[in-house]
Amino acid sequence: MPKRLIKKIKGLLSGNTETPIARVIPRGEHDFPEEDIRRSVLTVLDGLTDAGYEAYLVGGSIRDGLIGLHPKDFDIATSATPEQIKAVFPRNCRLIGRRFRLAHVRFGREILEVATFRGCHSKSETNENHSSQSEEGMLLRDNVFGTLDEDAVRRDFTANALYYRHTDGAVLDYVDGYEDILHRTLRLIGDPEQRYREDPVRMLRAVRFAAKLDFDIEPKTAAPIRELSDLLGLIPAARLFEEVLKLFLGGYAQAVWPLLVEYELARWLFPQSVPEVNNEPGMQAMIDLALRNTDHRLAQGKPVTPAFLLAVLLWGPLQMAWKKEQEKGTHATPALQKAIQKVISEQTQSTSIPKRFGIPMREIWELQGRLAQRSLKRCESLVQHPRFRAAYDMLLLREEAGEIEPGLGQWWTQYQEADAEERANLCQSLGGSNKPRRRRRYKNRRRSTPPNP
Ligand code: ATP
Ligand code: MG
């Protein structure tokens, strides 16, 4: 980063009022695809400018557009305060967030995020309502409003700090982000260590953008990550889960995972699953295959569920915990339930697992054992199970990764394609297991335990 720029940014971060000059890249000299801007976005930009405020498109949409991707998620930055934004769009605007107060403007099912320019907050300004910092230097709240140039340097990476001015189609650049985008470089604005301390999630964002955009993380931006990775321990589990979704469900999970491992961030997200803990080669192969499948499905526009990915990522730890429980003499089924409890409760120390994903994840695990028991009656009820498809996909992964002998997955593939008669034959060909089970003699006798998957 040029010295001039470092001085400028240091000045701004310390509250120096000297206004930096933006580089203005006029329409025609940049490749931002203006035709991709949705009508609703222009409505918000026009509404705010007509009311006398400044309003720009900023962040990921500009960055993605400039490198030839179709921008989808349009963030808007404005000089209007949240209340003023609401006054411009009284019917479809809602103010949200405590840590970072902003406005959501709704158009049907679409929600646009409109944020007021953030300013610098010197210690003396820090107060409950505007901004606050933890003892570790972490920004707990960032609601000090400011000017456009101040807003630019509060952003994380230079590539994320470009503004598009819809009135004349120019791109404004205060931090040499345009050059960094051209050189496919991800560079934190300001002093990397201080910026990671302010918000440790920026370390995850660095890895995510590097993977998504195929950018190199600039050496000074990369240097402190390993050493500061422990700071992720300070981030609430719910926020980390949100980041996990962005990391793994953006269509580039295969590129993200090795970077998370390389920068020692994976151990904060999935401490039980990192290679050094989980040294079974089959488990790593399974994770790789699951990430590849996820990216592939997303590229084809098919749905993916975090429950499946979580089930795979935590499968290795679950196997270990289950084995340990059984070694203590617990029967297979209660041992599995105990192991599931243990793995989930350990995982939720790092990232939360909302029930809507935790319950199906459990079911996918439980079904692994049931897929091995193939009487006709059981098979018929299994294929009706809402989680059958995901459990079957996981079974195929386990086979492909060499975790179990091949055969069972193929059998289930045939079963699903077969008609009623063929299904009966398939079950019969297994020999004996298709016979109706004898009624239990004692009502309260324990249920027989399924074989280990
Ligand atoms: P994408 O939407 O593709 O994930 P994005 O860059 O738009 O990428 P958002 O999380 O939508 O990411 O954030 C919008 C913008 O807000 C960013 O581009 C960046 O300028 C700023 N920003 C977001 N999170 C932070 C952060 N933790 N620290 C500083 N700036 C941030
Ligand atoms: Mg965005």
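The values are calculated or read from the model by the stated rules, or taken from the named source; none is laboratory data. Values in this document were obtained by computation on a predicted structure and should not be read as measured data. Every residue, glycine among them, receives a Cβ derived from its backbone with ideal geometry; neighbour counts consider all protein chains shown. The accessibility values were calculated without ligands, DNA or RNA, using every heavy atom of the protein model including side chains. Shrake-Rupley method; radii C 1.70, N 1.55, O 1.52, S 1.80 Å.
Per residue, the chain exposes 50 Å² of accessible surface when a 1.4 Å probe is rolled over the protein heavy atoms with every protein chain present. Computed over neighbours whose Cβ is under 10 Å from that of Pro192, the net charge equals +2, Lys and Arg +1, Asp and Glu -1. Where does helix 408-417 land angle-wise versus the long Cα axis of the chain, in degrees 0 to 90, nearest 10? The helix 408-417 is inclined about 90 degrees to the chain. Using Cα atoms only, what is the angle between the long axis of helix 3-13 and the major principal axis of the chain, expressed in degrees (0 to 90) to the nearest 10? Result, in degrees: 80.
Taking the average, over residues, of other Cβ atoms within 10 Å as the packing measure, peptides 245-253, 412-420 rank 245-253, 412-420 from highest down. For the chain, the antiparallel share of DSSP beta bridges with both residues in that region comes to about 80%.
Under 5 Å from the amide H of Ala170 lie the amide H atoms of Arg27, Arg165, each residue being 5 or more positions distant or on a separate chain, with H modelled from the backbone and absent for Pro and chain starts.
Remark: spin-label model distance Glu179-Glu262 equals 2.5 nm, labels positioned 7 Å along the Cα→Cβ axis.
For the chain, the fraction of 1.4 Å probe accessible surface lying on carbon and sulfur atoms is 49 percent.
Name the residues of the range 381-421 whose amide N is less than 15 Å from a point 7 angstrom out from the Cα of Ser429 along the C-beta direction? It comes to 407-421, nothing else.
Each peptide in 311-318, 46-53 receives the mean, over its residues, of other Cβ atoms within 10 Å, and ordering these scores from highest gives 311-318, 46-53.
Ordering of 163-171, 202-210, 144-152 by packing is 202-210, 144-152, 163-171, highest average first (other Cβ atoms within 10 Å, averaged per residue).
Any idea what angle helix 39-50 forms with the longest principal axis of the chain, computed on alpha-carbon atoms, 0 to 90 degrees, nearest 10? It is inclined by approximately 30 degrees. Report the residues of the range 301-325 in range of a label on Lys355: point 7 Å along Cα→C-beta, backbone N strictly under 18 Å from it. Once the point is set 7 Å along Cα→Cβ of Lys355, 307 turn out to lie under 18 Å by backbone N, inside the range 301-325.
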